[in-house]
Amino acid sequence: MHANIFIAWTPNDCRSLREDLTQVLKNSGMEIANEGEFPADEAGFKLAVEKGIQKADCFILPIGGKLGESLPTENNVSMSHYQFLKIKQHLAESNFRLFVWQTPLAAPHLLEPKQLEFIDHLKHSITSNMAFTNVPSPLKLADDIRSVMEIPEITLAEVAGTDIFLICNEMDDAEATEVMDMVSDIVPIKKLTVVHDDGLNYDDLSAQQINSSKLAVIYFRESADWALPFVQQVWKKIGGAASKTPLLLIGSSDPNSNAGKYVNAPKIISMIVNADLIPLEIKVQYDKAVESAVKKR
């Protein structure tokens, strides 16, 4: 099962912990239904909550020590309470699950009196498709969610920083290995070969490593029909135009059918070149990526 999770927006005291949880869940192969900046006003907040809930199949309500802002148009209930009510209403129409997470920031000595009342209300409102937990960390919560939702854990052999991350289809593995061998003489490089029908979610696996790389390369010769949709899927997962890692979609000019196989999008460099020039072009684009990263510091 592939989970799409709504993480309720929180008061200021919990926002850093919510960001940590978001990253842990994404690294665990889960999607976030309401990822993005905190809505600027009440109307925007209510709209974002509605849209996020409709996309999600699992919900997390993080609880800290403070009750947070209230909503004047909703009888001054807190934002957290409003989201709980909306989620609860949605759960009544589905078989999805809600995890109420009493974070370490909701320790007894940190609780505001009104927040304590809200927590008591939550505990008395738990139904069969809700769970109340006080696990100490986002990592432990992610493990619990994966277990309850029966989500297979996905890992790359090792997700560690590298300069260039090369991705290819199994159809082009031999040629991609030759490219990697030539590039590896001058720049650290890792390769992932996508194998069809082996049950792995290569979009998520790739996104994990791309976020720890300086340049990601999607190479194709015979697999253009796979490469173009794949690069667009991965591009979305790593943040699209906001991604910190550029993507190089590079194809061999042989066969001739690769002519015109491009993807136009911010942070995607797309080109078809002579096979002999591919290692050199990868190095050129790597140098540009490094130079751009230095300028942004």
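The values are calculated or read from the model by the stated rules, or taken from the named source; none is laboratory data. These numbers come from a predicted model, not from an experiment. With ideal geometry, Cβ positions are generated from the backbone for all residues, glycine too; neighbour counts draw on all protein chains shown.
For region 80-115, the set of residues classified as polar (S, T, N, Q) and either part of a loop (DSSP other than H, G, I, E, B) or over 24 Å from the mean Cα position of the chain (by Cα) (or both) consists of GLN89, SER94, ASN95, THR103, GLN115, listed by residue number. Of the residues making up region 248-296, those that are of a type outside the set (A, V, I, L, M) and part of a loop (DSSP other than H, G, I, E, B) are SER253, ASP254, PRO255, GLY260, LYS261, TYR262, ASN264, PRO266, LYS267, ASN274, LYS296.
Taking the listed residues GLU37, GLU42, the one that is of a type in the set (D, E, K, R), under 22 Å from the mean Cα position of the chain (by Cα) and more than 26 Å from ASP144 (Cβ to Cβ) is GLU37, with no other qualifying.
Residue-wise test of (1) crowded, with 17+ Cβ neighbours inside 10 Å; (2) at positive phi; (3) at pLDDT below 90.
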| position | (1), (2), (3) |
| --- | --- |
| GLU170 | no, no, no |
| ALA174 | no, no, no |
| VAL183 | yes, no, no |
| PRO188 | no, no, no |
| ALA242 | no, no, yes |
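Could you tell me whether any residue of region 64-75 is under 17 Å from HIS90 (Cβ atoms) and either surrounded by 17 or more Cβ atoms within 10 Å (Cβ to Cβ) or not assigned by TED's automatic domain parsing to the domain that holds THR103 (or both)? Looking for residues that are under 17 Å from HIS90 (Cβ atoms) and either surrounded by 17 or more Cβ atoms within 10 Å (Cβ to Cβ) or not assigned by TED's automatic domain parsing to the domain that holds THR103 (or both), one finds none in region 64-75, hence no.
Here is the figure for region 237-247: residues that are touching a helix residue (DSSP H, G or I) at 6+ places or on another chain (Cβ under 7 Å) and either assigned to a helix (DSSP H, G or I) or among the β-branched types (Val, Ile, Thr) (or both) total 3. Of the residues examined, LEU61 is not one that is surrounded by 20 or more Cβ atoms within 10 Å (Cβ to Cβ), closer than 19 Å to ARG18 by Cα and touching an Asp or Glu at 6+ places or on another chain (Cβ under 8 Å).
Closer than 17 Å to LEU67 by Cα, in the same structural domain as ASP20 (by TED's automatic domain parsing) and either touching a strand residue (DSSP E or B) at 6+ places or on another chain (Cβ under 7 Å) or not basic (Lys, Arg) (or both): is that true of ALA92 in this structure? Break it down into steps so the answer makes sense when it comes.
Values: closer than 17 Å to LEU67 by Cα: no; in the same structural domain as ASP20 (by TED's automatic domain parsing): yes; either touching a strand residue (DSSP E or B) at 6+ places or on another chain (Cβ under 7 Å) or not basic (Lys, Arg) (or both): yes.
Answer is no for this residue.
Confirm whether LYS283 is charged (D, E, K, R), out of contact with any Phe, Trp or Tyr (no Cβ under 9 Å at 6 or more places or on another chain) and in contact (Cβ under 8 Å) with a residue 60 or more places away in the chain. Break it down stepwise before answering.
Numbers: charged (D, E, K, R): yes; out of contact with any Phe, Trp or Tyr (no Cβ under 9 Å at 6 or more places or on another chain): yes; in contact (Cβ under 8 Å) with a residue 60 or more places away in the chain: yes.
Answer is yes for this residue.
Tell me yes or no: at least one residue of region 86-99 is in contact (Cβ under 8 Å) with a residue 60 or more places away in the chain and aromatic (Phe, Trp, Tyr). Spell out the reasoning first.
Within region 86-99, the subset in contact (Cβ under 8 Å) with a residue 60 or more places away in the chain is 87.
Pick out the ones that are also aromatic (Phe, Trp, Tyr) and you get none.
No, region 86-99 has no match at all.
Okay, residues lined up against (1) loosely packed, with under 14 Cβ neighbours inside 10 Å; (2) outside the structural domain of VAL217 (by TED's automatic domain parsing); (3) charged (D, E, K, R):
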{"position": "THR245", "(1), (2), (3)": "no, no, no"}
{"position": "LEU249", "(1), (2), (3)": "no, no, no"}
{"position": "ASN256", "(1), (2), (3)": "yes, no, no"}
{"position": "GLY260", "(1), (2), (3)": "yes, no, no"}
{"position": "PRO266", "(1), (2), (3)": "yes, no, no"}
{"position": "ILE272", "(1), (2), (3)": "no, no, no"}
{"position": "ALA275", "(1), (2), (3)": "no, no, no"}
{"position": "ASP287", "(1), (2), (3)": "yes, no, yes"}
